Amino acid sequence: MSDMLSIGSSALQAYRTALNVVSNNIANANTPGYSRERINLQAQPGITTTIGSIGTGVNIQGVQRLTDSYLQSQLVSNSSSYNRITTLQTYTSQIDSLLSDSNSGLSGPLQSFFTDLNSLAANPSSSAARQTVLTDAQGLASTFNGLQQQFDSMSQQIDSSMATTVGQVNGYATQLAQLNQQISQASAQGQQPNALLDQRDQLLQNISANVGISTVANADGSVNVFVASGQPLVLGTTANALSVQPDAYGQSQDIVLNNGSTKTVLTSQLSGGTLGGMMDFKREVLQPAADQLGQLALGLSSAINTQHAQGMDQYGQLGGAFFSTPPAQVSAASSNSGTASVTASVSNLSQLNADDQTLSFDGASWKMTDAITGAQTALTGAGTAASPLTGGGLQFTLSGAPAAGDNFLVQATRYAAGALQVAISDPARIAASSPIQTAAGSTNTGSATVGSATVTNAADPNLLTTTSIKFTSATTYSINGSGSYAYISGGAISFNGAQIQISGTPASGDQFTVSANSAGSGDASNARSLAAVINKAVLNGGTDTLSTASASLVSRVGTQAQQATLQQSAASAVQSHAQSAASAVSGVNLDEEAADMLRFQQAYQAAAQVVATSNTVFQSLLQAIHG
């Protein structure tokens with residue numbers, strides 16, 4: 001009967017433990033990262049008798065943690081991808097809404113400004129038309145300024161969020177290193193630390209949700225975690241810390257891994273997770289949009305100012321700057337050892353690349369490199385340390401002495417939109433008229449006619465000097481009585497910073513005069529030229545107009561937002577599938593647990609009956625012996 005008691009006792013212990021396991025599963029049904037457990041039972045070795053082998057009860061072989069390492073690794077990887085694209089999609093949608101909105105976007109104010117110039121061309125003497133041009137010009141500048149402020153605010157918000165995210169990653173890494181130690185100790189004692197392993201996997205998911213990682217499992221159950229191109233975040237029981245620090249030029253934020261005394265900049269290597277999504281947004285969407293917006297502001301300022309300078313205002317003065325020209329920003333690297341300083345200005349708008357440029361001195365010459373593509377731009381004057389240097393649409397003025405290895409970050413367009421301002425406040429200062437006018441001689445007998453004069457160089461000191469073009473024959477002419485020039489009908493005749501076209505057949509002695517226009521003239525030729533600026537190809541090597549560049553900016557960001565939305569939907573589906581697959585293996589099914597609870601309860605009650613029966617039989621035996 002002692003055998004029956006032993007068998008019953010082993011069953012009681014086994015099914016009590018089984019009930020504990022089921023109860024624990026039910027209790028943690030909604031615990032994040034919990035993997036359900038299953039008790040594994042095994043029959044004890046039997047006893048050989050003359051009638052055969054008789055069982056001796058049941059053993060608890062162990063409590064198994066139900067999980068699949070492949071599914072867990074997929075969940076970690078997919079979590080990283082999903083959070084990256086979700087973050088990218090969220091921010092890109094915000095900037096897309098900002099640019100495409102009719103109230104905050106650029107298209108409406110830009111079109112209104114040039115429509116006003118057309119209206120001014122139709123009525124150049126109208127004070128109301130002139131004031132409308134100024135008012136809408138100020139509104140256009142304010143739109144550029146507002147968009148720049150929004151971009152800057154978004155950049156600052158991301159920098160702050162990056163710092164917060166890095167702090168979370170460091171906290172998770174520290175917890176994982178501590179868990180690794182506990183798991184290692186438990187494994188050394190022959191224990192299966194199921195709860196610790198669940199916490200380990202949950203921490204891995206938490207880290208991967210914030211930054212892309214790779215992992216290597218150790219034999220003792222601990223795990224090593226690497227970021228970027230194999231940089232160690234967690235090695236066994238040691239956690240290294242990430243930090244956010246200003247870059248070499250103080251213009252952006254770098255992610256740095258602090259590994260003992262070694263600091264490694266990971267900014268260009270990190271990917272995945274919320275952190276990767278924020279960095280991708282800044283690098284691929286926000287900064288290019290700010291650069292393109294600034295290029296558009298520079299294009300508007302330069303093209304309008306150039307044309308405005310070729311006109312005359314109502315006071316009879318040549319047109320001054322209509323918009324203030326935003327300056328290029330140059331930042332010296334913190335590692336520079338020389339005393340050189342650099343300033344930059346736009347010298348050729350059509351050659352200007354919107355990307356950031358790096359200007360570096362190797363001890364003998366200067367080099368300019370595109371910070372995005374790595375392409376180098378030839379510089380004139382680069383063979384010496386002296387200024388000026390020109391290239392890529394920029395002119396550099398140097399002072400001080402550069403040292404070999406000195407670098408400067410040149411951002412010609414990044415902040416230009418925020419600095420755009422209207423430079424005039426008096427409507428009468430709008431140079432709507434041409435400063436010069438043409439007239440045909442009253443005694444001309446030929447059929448030649450002259451068109452309006454075009455200013456080619458407003459700085460020419462002789463621009464307003466009266467000039468006489470007299471034909472000495474039907475095919476030759478002189479200018480102010482000097483020279484003999486061949487006449488081609490419709491060909492350009494240039495002089496004193498101006499250009500005219502005479503068409504038709506002149507007679508010998510015919511004369512045409514170019515003279516200064518009068519103050520308050522009703523001429524609107526320069527207003528028409530100002531209105532036509534929107535359709536001039538002044539950007540990107542003469543391939544883009546202000547209108548197409550504006551549309552390109554909105555279209556590019558809109559396409560990026562659409563692509564991010566599509567990718568986010570796909571990543572969401574993949575993530576849901578991975579979670580479902582992992583839950584099918586590791587998740588708690590309450591219906592199944594309830595069935596197990598009933599089954600184990602019945603078994604436990606039966607085992608108790610075995611123990612009670614063995615006691616009754618044993619008591620009967622004792623009474624029979626001593627009775």
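Structure values in brief
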item	result
Members of segment 162-185 found to be hydroxyl-bearing (Ser, Thr, Tyr) and modelled with pLDDT under 95, listed by number	Ser184
Residue within segment 599-620 that is in contact with a Lys or Arg (Cβ under 6 Å, 6 or more places away or on another chain) and among the β-branched types (Val, Ile, Thr) present	no
Subset of segment 535-580 (residues that are of a type outside the set (Ser, Thr, Tyr), surrounded by 16 or more Cβ atoms within 10 Å (Cβ to Cβ) and over 22 Å from the mean Cα position of the chain (by Cα))	Lys536, Val538, Leu539, Asp544, Leu546, Gln575, Ala578, Gln579
Residue among Val256, Val234 that is buried (at least 21 other Cβ atoms within 10 Å of the Cβ), at pLDDT 90 or above and not in a helix (DSSP H, G or I)	Val234
Some residue of segment 511-522 being of a type in the set (S, T, N, Q) and touching a Phe, Trp or Tyr at 6+ places or on another chain (Cβ under 7 Å)	no
Top-ranked residue of segment 51-108 - restricted to ones that are of a type in the set (Val, Ile, Thr) and in a helix (DSSP H, G or I), ranked as surrounded by the fewest Cβ atoms within 10 Å (Cβ to Cβ)	Thr90
In segment 181-206, the residues that are touching a residue at least 40 places away in the same chain (Cβ under 8 Å) and either hydroxyl-bearing (Ser, Thr, Tyr) or not in a loop (DSSP other than H, G, I, E, B) (or both)	Gln181, Ser184, Asn194, Leu197, Asp198, Gln199, Asp201, Gln202, Leu204, Gln205
Count of segment 367-424 residues which are hydroxyl-bearing (Ser, Thr, Tyr) and closer than 30 Å to Leu106 by Cα	3
Hits in segment 259-273 - residues which are surrounded by fewer than 23 Cβ atoms within 10 Å (Cβ to Cβ) and in contact (Cβ under 8 Å) with a residue 60 or more places away in the chain	Ser271
Of all residues in segment 1-50 being part of a strand (DSSP E or B) and touching a residue at least 40 places away in the same chain (Cβ under 8 Å), the one that is surrounded by the most Cβ atoms within 10 Å (Cβ to Cβ)	Glu37
Leu204 vs. criteria touching a Leu at 6+ places or on another chain (Cβ under 8 Å), farther than 19 Å from Ser77 by Cα and crowded, with 18+ Cβ neighbours inside 10 Å	no
Any hit, segment 384-396, residues being in contact with an Asp or Glu (Cβ under 6 Å, 6 or more places away or on another chain), outside the structural domain of Leu147 (by TED's automatic domain parsing) and at pLDDT below 90	no
Test for Ala188: is it modelled with pLDDT under 90 and small (Gly, Ala, Ser)	yes
Total residues in segment 540-573, condition farther than 18 Å from Gly294 by Cβ and of a type in the set (Gly, Ala, Ser)	9
Count - residues of segment 8-55 that are within 60 Å of the chain's Cα centre (by Cα) and not small (Gly, Ala, Ser)	22
Only listed residue being under 30 Å from Ala412 (Cα atoms), of a type in the set (Gly, Ala, Ser) and touching a residue at least 24 places away in the same chain (Cβ under 8 Å), chosen from Ala248, Ala241	Ala248
So Gly294, is it in contact (Cβ under 8 Å) with a residue 60 or more places away in the chain, closer than 25 Å to Ile430 by Cα, not in a loop (DSSP other than H, G, I, E, B) and not hydroxyl-bearing (Ser, Thr, Tyr)	yes
Filtered residues of segment 259-291 (kept if closer than 19 Å to Asn210 by Cβ and in a loop (DSSP other than H, G, I, E, B))	Leu266, Thr267, Ser268, Gln269, Leu270, Ser271, Gly272
Check on Gln178, under 30 Å from Ile39 (Cα atoms) and touching a residue at least 40 places away in the same chain (Cβ under 8 Å)	yes
Qualifying residue in segment 476-495 (condition: closer than 29 Å to Ser126 by Cβ and modelled with pLDDT under 95)	no
Only one of Asp116, Asp136, Asp159 that is assigned by TED's automatic domain parsing to the domain that holds Ser550, without any contact (Cβ under 8 Å) to a residue 24 or more places away in the chain, in contact with a Ser or Thr (Cβ under 9 Å, 6 or more places away or on another chain) and surrounded by 15 or more Cβ atoms within 10 Å (Cβ to Cβ)	Asp116
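Table: residues versus (1) over 30 Å from Val342 (Cα atoms); (2) at pLDDT 95 or above; (3) within 20 Å of the chain's Cα centre (by Cα); (4) of a type in the set (S, T, N, Q).
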| site | (1), (2), (3), (4) |
| --- | --- |
| Ala195 | yes, no, no, no |
| Asp198 | yes, no, no, no |
| Ser222 | yes, no, no, yes |
| Pro246 | no, no, yes, no |
| Gln251 | no, no, yes, yes |
| Thr262 | yes, no, no, yes |
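A quick yes/no check of all residues on (1) hydrophobic (A, V, I, L, M, F, W, C); (2) crowded, with 16+ Cβ neighbours inside 10 Å:
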site	(1), (2)
Ala453	yes, yes
Asn462	no, no
Thr466	no, no
Ala486	yes, no
Ala498	yes, yes
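The values are calculated or read from the model by the stated rules, or taken from the named source; none is laboratory data. Everything numeric in this text was worked out from a predicted model, so none of it was measured. Ideal geometry is used to build each Cβ from the backbone, glycine not excepted, and the neighbour counts take in all protein chains shown.
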